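Data block below; observations after.
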Amino acid sequence: MNLSRPARIGALCWMLAAPLFLAANVIVGLRWTRPPFSWAEHNISDLGNVGCGIWDTTRPRYVCSPWHDGMNVSVLVTAMLLAAGTVLTWHVAGSGRRARAAQSLLLLGAVGYALAAAYPADVDENAHVLGALLIMGMGNLGLLLAALAPRATTLGRLRALTLPMALLALAGTTLFFTQHGLGLGVGGMERVAVFPLPVWACCVGVIAQRLPAPHHSRSAAEESTRR
């Protein structure tokens with residue numbers, strides 16, 4: 001299979017999303033001092049909260065993120081990269097109901113990132129929670145459907161990569177919402193639920209970049225050279 005220029009740009013967008021998102025988690029977290037940011041105790045959302053104080057009645061914890069604006073901007077750009085990657089590689093993934101349903105759910109997951117960034121938890125908790133549900137619910141279900149796409153499709157050929165990621169993300173989602181950390185802490189379990197999707201997209205982007213350009217593009221270039 002050959003990769004068109006728009007699809008190659010989409011694959012590049014997918015490649016960039018995970019490094020940006022992970023870097024934001026690390027760098028913004030390092031700016032916390034009192035108390036230090038904990039991946040086991042604090043949620044990802046805590047990095048984007050605009051105010052300082054005790055947050056969350058279920059798991060009360062002190063939240064104060066000096067670089068919350070940087071986190072929210074990074075998450076918004078992550079959303080744009082994931083959405084652009086999904087749209088620009090739309091026809092590459094293959095045809096069929098499962099492939100299209102998977103892509104639609106992955107796109108909803110990207111919308112979830114945008115909502116979470118635009119509405120920090122301490123600004124509009126309902127909108128933020130909706131964003132989280134789209135990420136961990138719709139996005140991770142999209143990952144599972146992508147794993148179950150027919151093997152004749154591009155998504156289906158990546159099943160060995162996609163299925164473990166989907167199962168890990170869905171297990172993390174279930175454990176996070178039931179508040180079971182299993183030694184990682186509830187905050188750590190949230191990362192088990194959230195990180196697989198952008199990491200999968202990054203891996204798929206790398207794989208897609210290795211595909212050749214369309215034959216007709218090369219032929220046109222060769223014809224132009226002859227002239």
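If you go through region 66-113, how many residues are of a type in the set (K, R) and out of contact with any helix residue (DSSP H, G or I) (no Cβ under 9 Å at 6 or more places or on another chain)?
Kept after step one, since they are of a type in the set (K, R), are these residues of region 66-113: 97-98, 100.
Right, trim to out of contact with any helix residue (DSSP H, G or I) (no Cβ under 9 Å at 6 or more places or on another chain) and you get 97, 100.
Total meeting the criteria: 2.
Could you figure out which of (1) outside any loop (DSSP other than H, G, I, E, B); (2) farther than 21 Å from A193 by Cβ; (3) β-branched (V, I, T) isn't true of V92?
The failed condition is (1).
Counting only residues that are within 16 Å of the chain's Cα centre (by Cα) and without any contact (Cβ under 8 Å) to a residue 40 or more places away in the chain, how many does region 114-128 have?
2
Taking region 1-54 as the region of interest, how many residues are among the aromatic types (F, W, Y) and buried (at least 20 other Cβ atoms within 10 Å of the Cβ)? Even if it seems obvious, please write down each step before you answer.
Within region 1-54, the first condition is being among the aromatic types (F, W, Y), and the residues that meet it are 14, 21, 32, 37, 39.
Then keep just the ones that are buried (at least 20 other Cβ atoms within 10 Å of the Cβ); that gives 14, 21, 37.
Result for region 1-54: 3.
What helices (runs of 4 or more DSSP H) lie completely within region 129-216 and have 3 or more residues being without any contact (Cβ under 8 Å) to a residue 40 or more places away in the chain and either crowded, with 22+ Cβ neighbours inside 10 Å or polar (S, T, N, Q) (or both)? Spell out the reasoning first.
On the way: elements: 140-147, 154-157, 159-177, 185-194, 196-209.
Answer list for region 129-216: 159-177.
Give me the residue from region 116-127 that is surrounded by fewer than 22 Cβ atoms within 10 Å (Cβ to Cβ) and part of a helix (DSSP H, G or I) and, out of that set, modelled with the lowest pLDDT. I'd like the intermediate steps shown before the answer.
Going through region 116-127, the residues surrounded by fewer than 22 Cβ atoms within 10 Å (Cβ to Cβ) turn out to be 117-119, 122-127.
Adding the requirement that they be part of a helix (DSSP H, G or I) leaves 117-118, 125-127.
Numbers: A117: 97, A118: 97, E125: 93, N126: 96, A127: 97.
Applying the filter and picking the extreme gives E125.
Would you be able to tell me the number of residues in region 87-129 that are under 20 Å from V63 (Cβ atoms) and among the aliphatic types (A, V, I, L, M)?
Residues meeting the conditions: 8.
State yes or no: is G70 assigned to a helix (DSSP H, G or I), more than 30 Å from T162 (Cβ to Cβ) and in contact (Cβ under 8 Å) with a residue 12 or more places away in the chain?
Working: assigned to a helix (DSSP H, G or I): yes; more than 30 Å from T162 (Cβ to Cβ): yes; in contact (Cβ under 8 Å) with a residue 12 or more places away in the chain: yes.
Yes: the conditions hold for G70.
Being under 18 Å from the mean Cα position of the chain (by Cα), under 22 Å from L130 (Cα atoms) and of a type outside the set (S, T, Y): is that true of N72 here?
Working: under 18 Å from the mean Cα position of the chain (by Cα): yes; under 22 Å from L130 (Cα atoms): yes; of a type outside the set (S, T, Y): yes.
Criteria met by N72.
The values are calculated or read from the model by the stated rules, or taken from the named source; none is laboratory data. Every value quoted in this text rests on a predicted model; they were computed, and no experiment measured them. All Cβ positions, glycine included, derive from the backbone under ideal geometry; neighbour counts span all protein chains shown.
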